[in-house]
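First up is the structure itself, then whatever we jot down about it.
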Amino acid sequence: MLGKAWRLHKVYISQSPYFASMFSGSWREANETVISVEIADPNITLDSLLTVFGSFYQDEVSLEPKEVIPILATSTLFQLQGLIDQCTDIMVETTNIKTVVPYYNAAVSYGVPVVKTAAKRWLEVNLLGYGWLHPTFLKEITPDLMIELIASPDLIAMQTEFCIYMMLRVWLFVHVHNKEETLQIDEYFRNHKWTKPFLTTEEGKEFAAPFKALRMKYLLLHDQDVKILYSDNLIPHEWLHNAYKEQWLHLLRIDANKDRGPKQMSEEEFARECFRCGRCIEKAGEHIWRWTAFHFGLDLVVCLDSTTLRIKRNHRLDTDHIKVNHSKHKIILKVTLISLDEQRQVKHIQSSGMLRLSLHKNEEKQVMSLDKQLTYPLYVSVNMQVVTPFVSKEEKKSADIITFSDT
């Protein structure tokens, strides 16, 4: 194997179902003293073979994180569940920015769902708040993996959906230009030479799908964001047409007093439709903020202190901002609070679940009492729906509707 002869005892290596099957029945190898095994997997190395074969002669094997993927590959080939489980535990424990993408890819290749879930969760939590500051890390993420992350309702969006677009610009840049230096990225996009949307070109179309997974209607909530979209000329204009139409129809319905917020939504529909936003709170104290985006005239303010998280519907008569004049407006939201350890793995997580709030003008309501286990920096993720979504007839028939009592 791999150009090396291995002197092994049948009685020991038959602990492997792979070899046990080979040496039983009518297989030619059953009666031979020299057998040949073709190794096609590049992850399998001489060192990993040495470790795995050595495990047949030992009660316990000590594994190092740096060799865990080759050993997982080798253990999978020889169907050694004990070693696979040991590799799984090590990979889950050592998931960080350097290992997460290789671990994810290995988990997909070798069918280890526990590792895949852990790696995906690390990416969902850290991609926006941390990962996109590291171009080498972004370059490891394939379009297929990026699609899965962008489409996930559990992706922690630092600030708003438009920040996800800005991260994708960096991801696109490091892939197309094979560069890790991104200091000039804004200048690059300002001075680009393409005359048609880049994602429709031969060079750009292989990177189009992650951009298409963005929630387009939430890219259009601030005039400066829209300016950047059109200046970059990455996204085809036709991708935005339905988003413009949907947002305009929502505005008309609210103005006509036909929509005072969503009354009921299935969890699946909420996950697909909601506005994703987030914030990192560096230290304990009194914190008050709003996300600078258009919410159809609703001015929603988040208030956080050391014990509670609250949301307020702010309504000032002296503002020039478009206002929703409904005396009461409904919103559906889900708040998730996350503390991380030194590897940026989730140390503690607290979720409100889906809540429906009915808010009068200038009314404030408590959303959560904070767990004592939460530590800072604290990541606040909010998924929110402030208008009644447009649902097709087919979805109405098939949806498993969940109705929430007013809170």
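Every number in this text was worked out from the coordinates using simple rules, so none of it is lab data. Nothing here was measured: the structure is a model prediction, and the numbers come from that model. Neighbour counts run over all protein chains shown; Cβ positions are idealised from the backbone, glycine included.
Annotations for the structure displayed:
- Taking 0.36 nm per residue of sequence separation and removing the Cα-Cα distance, the E246/K328 pair yields an extension gain of 27.2 nm.
- Our estimate of slack between Q15 and K227, defined as 0.36 nm per intervening residue step minus the Cα-Cα distance, is 69.9 nm.
- Efficiency of FRET from Cβ geometry, I39 and R310, R₀ 60 Å, rounded to 0.05: 0.50
- Measuring between alpha carbons in the structure, the pairs from K217/K258; K328/K372; K283/K361; K258/K312 lying more than 26 angstrom apart are K328/K372; K283/K361.
- By average C-beta atoms within 10 angstrom, highest first, the peptides 361-369, 379-387: 379-387, 361-369
- Between E93 and E363, the simple spin-label model (points 7 angstrom out along Cα→Cβ) gives 5.1 nm.
- Gain in span if fully extended, W194 to K372, counting 0.36 nm per residue against the direct Cα distance: 58.8 nm
- FRET efficiency, 1/(1 + (r/R0)^6) with R0 25 Å, evaluated for A151 and T201 via beta carbons: 0.60
- If R0 equals 25 Å, the separation of the Cβ atoms of L50 and Q81 corresponds to a calculated FRET efficiency of about 0.80.
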